[in-house]
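As structure tokens, the structure follows; a few thoughts come after it.
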Amino acid sequence: PEGQKARGRLKILRSERLHAQRPDARAAYLLGAEHAQRGAYEQAAAFWRAAVRLDLSLGTAHLQLGLLLLTQGRVDDAESAWHGLDPLPPDHPLQHFRTGLQHLARDEFAACLDALGTGMAANTGNAALNSDMQRIAERVQEVLAAAAAAAPAGGEEDTADHLFLAAYRGDAGGPTRH
């Protein structure tokens, strides 16, 4: 395992050097995903920002950057990152994912699950992104179940501000790969 980690870090360093010599949006996006997967979220954000500077049409980079910022509790910054999705048609899967994540930020869990489900059904081109969204949906369902089990008998909905985000940060920390 340690040898694999070292090889992975070496691969990332080589890719970073190549990217520094010849900046490329897709390479920057992939480097961001690699850093996010290993928990280096600031580096991931930096590469995703570079990716969208190099190619404004790289919608998945806008979405992942926004998701990363959202998991850090930086809702306004996440919204700013998602503005890069504005040119996409309203029925585009990334728009549904953005809408779901916006609902999540407001603790509107049912609407979040609906939008994520619609996005996953429409997204036939990026299975890894669907896996991320499915993980988020499952985590929302777990948090809802835990909140329901812990709710007072009177049925009062007293969930903590951004209950899911706190739980998601504690469990997963941020987006993964793509």
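Just so it is clear, none of the values below were taken in a lab; they were calculated from the coordinates. None of these values were measured; they are calculated from a predicted model. Neighbour counts run over all protein chains shown; Cβ positions are idealised from the backbone, glycine included.
In summary, the convex hull built on the alpha carbon positions of region 49-90 has an orientation-averaged projected area of 2.7 nm². 3J(HN,Hα) along region 63-77, derived from phi through the Karplus expression 6.51 cos²θ - 1.76 cosθ + 1.60 where θ = phi - 60°, amounts to 5, 5, 4, x, 4, 4, 5, 4, 5, 8, x, 9, 4, 4, 5 Hz, with x in place of Gly and Pro. Can you tell me the FRET efficiency between residue 26 and residue 106 if r is taken as the Cβ-Cβ distance and R0 is 41 Å, rounded to the nearest 0.05? It comes to 0.80. Projected onto planes of every orientation and averaged, the convex hull of the alpha-carbon atoms in region 67-149 covers 5.3 nm². Taking the Cα centre of region 80-132 as reference, the dipole from Cβ charges on Lys and Arg (+1) and Asp and Glu (-1) amounts to some 80 debye. Go through 118, 102, 131 and say which Cα lies farthest out towards the positive end of the charge dipole of region 83-139; charges sit on Cβ, +1 for Lys and Arg, -1 for Asp and Glu. Checking the options against the dipole of region 83-139, the answer is 131. Using Cβ point charges alone (K and R +1, D and E -1), the dipole size of region 38-89 about the Cα centre works out to roughly 200 debye.
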